[in-house]
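J.: Shown below is the structure under consideration.
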Amino acid sequence: MGTYLDHAASTPMRAEAIEAMTPYLDHMYANPSGSHRFAREARKALDEARDLVAETLGCKPGEVVFTSGGTEGDNHAILGAVRRLGGVAVCPAAEHHAVLHCVEHVNGVVVRVNNVGTVDLEDLQRVLETATEEQPITVVSVMAVNNEVGSITPMRDVARIVRKYAPNAILHTDAVQAACWVDLREITPLVDALSLSAHKFGGPKGVGVTVIKTGKNLEPLIFGGGQERDRRSGTHNVSGIIATAKALEVTDKTRAEESVRVTKLRDRLVDEIRAQVDGVLETVPREHRVPGVAHICFSGLENEALLFLLDQADVYASAASACASGAMEPSHVLEAMGVERSWSNGALRLSLGHTTTDAEIDLAVSAIVSAVNQLRR
Amino acid sequence: MKVLVAMSGGVDSSVAAAELKAAGHEVVGVTMRLWGGESDTGCCSVSDVDDARRVAQQLNIDHLVFNFSDDFDKHVVAPYVQAHVDGITPNPCIECNRHLKFDRLSERARLLGFDAVATGHHARVERDDEGTFRLTRGADDAKDQSYVVHMLDQAELAYTMFPVGHLTKAQVRERAIELGLRTATKPDSQDVCFISKSGGRETFLGNRIPFRKAEVVNEDGTPAGKVEALELVTIGQRKGLGIPGGGPKQYVVEVDTPNARVVIGEEASLYRKSLVVNSIVWSDAADIDRLRSQNDVLVQSSAHGAAIPATVEILGNQEIRVLWAKPQRAIAPGQSVVLYNTTNSYVLAGGIACPDSEKVSLQ
């Protein structure tokens, strides 16, 4: 099945998660909101999943809301805050589009990022200070880890500034890319809301988790049967939620060990490429990055062409985000970081995960070196 | 051979891909994303990409999307806008072929190790006894597109395939139906892809350049009316000139951009004896010398216009004068003018019409 280096796009499901969810796709099919014994069994599994997620995230079970994924969580935090509280939404320029497009949609303010792709703390403070009584800042959304370049935001510093200069604002973090590599118990206490996507940590697609802290009220996006304490209506995706909880538990238990193993693989990947071809820029210094992401830019080539040759060699990677048509778009993240187009045209994201092996790294190095040489000849 | 086929999401390029696959080639489909702005016509919309991808899946070939929107802006859209400012009538689809399909895409294809680029144009590449590649008209007279791909020189012709050029449009549709392709009954695209049907050229240009009001005058200089946008006036135009009806039909016979003046006159004033064409691309550069001794040609100056008898005078490697056998209506500057051989079978050269054509009678 080739060399898969696109774990940040989606990582394979954990075997434990598939095993845990299977009964609920098969004979345990009751709706957990029902009032009979069969329904109560589903409800029990759902409640256990919620407890497990809360334990892993360091929050109360009642603060866990199951959603359809990261995009829904991001939308809920931003649109839900502005619809409930009015005011202005704020986010940095390198956010995922699920945050950025929401903030733009409600005419919010976009804050600068620094050259590693995390929020410019001085600019954040400046923006928060300019808020007025008529136009208070009601929600600030800052990603914990950047999905493209892998840089880690110092959330403690962000929280300090937001609490000081916009004490009434909801602080939300898109932690979708953090789950695999960062102990979320260190982040959850700093924020009012946090969103995750299950398929980024070995759960299924179409399931997410949003933490909404007690006392922080967001307008729901979806109305209906009042599930999730009226915060998110719709019949529970029981099997998906159970798999999500299991995947998160496994991720949490293996995180420390996996981080060490994957960091070694990633560093070897980049070091060996750099040893064999010139004109390679490591976009963000390693100390600012999560273990799973290698983001490098090659001078003198175009990543659409590079990705085609890698694809032909059965090496699966990605560049910037793709638009609805599937075309590569110039990266808004690299543009916000101030990376020159001559570099960003040749940007490549190689993302590693729990199934990545030494043999895959060997294949990837040789395919990348040969593709780069072909394109530069 | 390893062939990269440009798939717009239309029926011709769908069948082109199918023909290549059936002939045993290793085929990869690619859809070029060219226009990022709003549009409701033409190719390259998300739904067209969906169609191209689905056809590729049905044919079991890989499908890619290349984003060439920066190049499209630079080589097609920006010059299109500037041409209107300069009083020239551009042909953006031909410039897209010149700069995107048969330059940017073929360059990328070479880099990626493909042996040829293919498109769904109705034209043929044939090789004569001397080994020269000839861009030959498509088998379907009514659908022939050799005019819009006239800019291919020997190097590009050697690298280009037109797999549906030997088929009629009806046969193309039959093949698509036989294969169950979802594009089988899709209508032909007619319009410029970046101009929306609802807003038209006027809205598109109006959002990008200020329109200049212009005086409409008779040939003797007497005032006749006014137009709101000089940039939208083309030679030969009859409507929208703000002149009263009645009397002989009046045509735009001259667009005087520097002086913001539109000259109108009767049809007879539109006729010209000759036409200068520059930016010539020769299909085979050896034809320059051949035409010095035997200079009869046929000349086509619109996508589906007739090929008109004329002789040519070589003014330079990239410039010629066309001397019409019989006077012809003036060709708007900026239009593509393509020379065919005397049996009207293949392209000799093509270029862009210049403003300085010689009037029939200068009294």
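J.: Which value, in Å² and to the nearest 10, is the accessible area of residue B:74 when all protein chains are kept and the probe is 1.4 Å?
T.: Its heavy atoms expose roughly 140 Å² to the probe.
J.: Check each residue of region B:104-119 and keep those whose accessible area, probe 1.4 Å, is at least 50 Å² smaller with all protein chains in place than in the chain alone; give them in order of residue number.
T.: B:108, B:111, B:112
J.: Still on this structure: For peptide B:57-65, what's the mean number of Cβ atoms from other chains within 10 Å of each residue's Cβ? Let's see the in-between values first.
T.: On the way: counts 0, 0, 0, 0, 0, 3, 1, 6, 7.
Average neighbour count from other chains, rounded to a whole number: 2.
J.: Suppose accessible area is computed on protein heavy atoms with a 1.4 Å probe; arrange A:96, B:84 from highest to lowest.
T.: Details: A:96 75, B:84 10 Å².
Sorted by accessible area, descending: A:96, B:84.
J.: Going through the cross-link list A:164/A:213; B:2/B:169; A:44/A:200; B:143/B:326; B:143/B:239; B:21/B:169, which pairs have a Cα-Cα distance over 21 Å in this structure? Each step should come with its number before you reach the end.
T.: On the way: A:164/A:213 19 Å; B:2/B:169 26 Å; A:44/A:200 26 Å; B:143/B:326 26 Å; B:143/B:239 29 Å; B:21/B:169 19 Å.
Listed pairs above 21 Å: B:2/B:169; A:44/A:200; B:143/B:326; B:143/B:239.
J.: What average number of partner chain Cβ atoms lie no more than 10 Å from the Cβ of the residues making up A:304-311?
T.: Values: counts 8, 5, 1, 1, 10, 3, 0, 2.
Mean partner shielding for this stretch: 4.
J.: How large is ³J(HN,Hα) for each residue in region A:336-353, as worked out from phi by the Karplus curve 6.51 cos²θ - 1.76 cosθ + 1.60 (θ = phi - 60°), to whole Hz, x for Gly and Pro?
T.: 5, 6, x, 6, 5, 4, 5, 8, 5, 4, x, 7, 9, 9, 10, 10, 9, x
J.: Give the ranking of B:342, A:153 by solvent-accessible surface, highest area first, calculated with a 1.4 Å probe. Before the final figure, lay out each step's value.
T.: Working: B:342 80, A:153 15 Å².
From most exposed to least exposed: B:342, A:153.
J.: Give me the log10 of I(q) over I(0) for region B:1-138 at q = 0.12 Å⁻¹, as the Debye formula computes it from C-alpha points; what are the numbers?
T.: For the requested q values the scattering log ratios are -0.52.
J.: On to the next question. Please report, largest first and rounded to whole Å, the three semi-axes of the ellipsoid equivalent to chain B, where each semi-axis is the square root of five times an eigenvalue of the C-alpha gyration tensor.
T.: Details: eigenvalues 278, 133, 58 Å².
Its equivalent ellipsoid spans semi-axes of 37, 26, 17 Å.
J.: Nearest 500 deg cm²/dmol is fine: what mean residue ellipticity at 222 nm does chain A get from its DSSP H runs of n ≥ 4 alone, each adding -39,500 (n - 2.57), divided by its residue count?
T.: Numbers: 11 runs with 155 residues, N = 377.
Rounded to the nearest 500, it is -13500 deg cm²/dmol.
J.: Ok, one more. Counting helices only, and only those DSSP H runs with n ≥ 4, report the 222 nm mean residue ellipticity of chain B as the sum of -39,500 (n - 2.57) divided by its residues, in deg cm²/dmol to the nearest 500.
T.: On the way: 10 runs with 79 residues, N = 363.
After summing the helix terms and dividing by residue count, I get -6000 deg cm²/dmol.
J.: Using the heavy atoms of the protein chains and a 1.4 angstrom probe, tell me the accessible area per residue for chain A in square angstrom. Could you put the intermediate results ahead of the total?
T.: Numbers: 15290 Å² over 377 residues.
Heavy-atom SASA per residue in chain A reads 41 Å².
J.: While we're on this one: On the full set of protein chains, 1.4 Å probe, figure out the accessible area of residue A:358 and give it in Å² to the nearest 10.
T.: That residue has around 90 Å² of solvent-accessible surface.
J.: On to the next question. Using a 10 angstrom cutoff on alpha carbons, build the Gaussian network for chain B and name the most mobile of B:322, B:148, B:216.
T.: Among B:322, B:148, B:216, the largest mean-square fluctuation in the Gaussian network model of chain B belongs to B:216.
J.: Considering only protein heavy atoms, what per residue accessible area in square angstrom results for region B:227-326 with a 1.4 angstrom probe? Intermediate results must be reported in sequence, preceding the final value.
T.: Working: 4820 Å² over 100 residues.
I get 48 Å² per residue for this part.
J.: Okay, next question. Total accessible area buried between chains A and B, 1.4 Å probe, in Å² to the nearest 100? Don't jump to the answer; show the numbers that get you there.
T.: Values: alone 16050 and 16860 Å², together 31440 Å².
For chain A against chain B, roughly 1500 Å² becomes buried.
J.: Take the Cα radius of gyration of region B:205-269 and divide it by 2.2 N^0.38 Å, with N its residue count; two decimals is plenty.
T.: This ratio for region B:205-269 stands at 1.07.
J.: A further question follows. How high is the relative contact order of chain B? Use alpha-carbon pairs under 8 Å, at least six apart in sequence, and give a whole percent.
T.: Details: 793 pairs, mean separation 58.6, N = 363.
Relative contact order, chain B: 16 percent.
J.: Let me ask something else about it. Heavy atoms only, probe 1.4 Å: what % of the accessible area of region A:126-270 goes to carbon and sulfur, would you let me know? It would help to have the intermediate numbers written out before the result.
T.: Values: 2770 of 5510 Å².
That fraction is 50 percent.
J.: Restricting to DSSP loop positions (anything but H, G, I, E, B) with no more than 12 other Cβ atoms inside 10 Å of their own Cβ, which trypsin sites (Lys or Arg not before Pro) remain in region B:188-223? Could the numbers behind the result be given before it?
T.: Working: sites: B:197, B:201, B:208, B:212, B:213; in loops: B:197, B:208, B:212, B:213.
Sparse-neighbourhood loop trypsin sites (Lys or Arg not before Pro): B:197, B:213.
J.: By its C-alpha gyration tensor, with a ≥ b ≥ c as the square roots of the eigenvalues, how is chain A shaped: rounded for a/c under 1.5, else prolate for a/b larger than b/c, else oblate?
T.: Details: a/c = 2.09, a/b = 1.25, b/c = 1.67.
Oblate shape, in that a/c is at least 1.5 and b/c is the bigger or equal ratio.
J.: What part of the accessible area of region B:54-115, given as a whole %, is carbon or sulfur when the probe is 1.4 angstrom?
T.: Working: 1100 of 2410 Å².
Whole-percent figure for carbon plus sulfur exposure: 45.
J.: Follow-up. Under 5 Å between amide H atoms, partner at least 5 residues away or on a different chain: which partners does residue A:94 have, H built in plane at 1.01 Å?
T.: Long-range HN contacts for residue A:94: none found.
J.: Shifting gears a bit: Suppose we keep just the DSSP beta bridges with both residues in the protein assembly as shown; what percent of those would be antiparallel, to 5?
T.: On the way: 66 of 101 bridges.
Taking every DSSP beta bridge within the protein assembly as shown, about 65 percent pair in antiparallel fashion.
J.: Picking from B:106, B:135, B:146, whose Cα lies most toward the positive end of the charge dipole for region B:94-156 (charges on Cβ: Lys, Arg +1; Asp, Glu -1)?
T.: About the Cα centre, the residue reaching furthest to the positive side is B:106.
J.: Let me ask another. Compute a Gaussian network model of chain A, connecting alpha carbons closer than 10 Å, and tell me which residue from A:23, A:330, A:167 fluctuates the most.
T.: A:23
The values are calculated or read from the model by the stated rules, or taken from the named source; none is laboratory data. If you're wondering where the values come from, they're calculated on a predicted model, not measured in any experiment. A quick note on method: Cβ atoms are made from the backbone with ideal geometry, for glycine too, and the neighbour counts reach across all protein chains shown. Please note that ligands, DNA and RNA were not included when accessible areas were found on the heavy atoms of the full protein model with its side chains. Shrake-Rupley method; radii C 1.70, N 1.55, O 1.52, S 1.80 Å.
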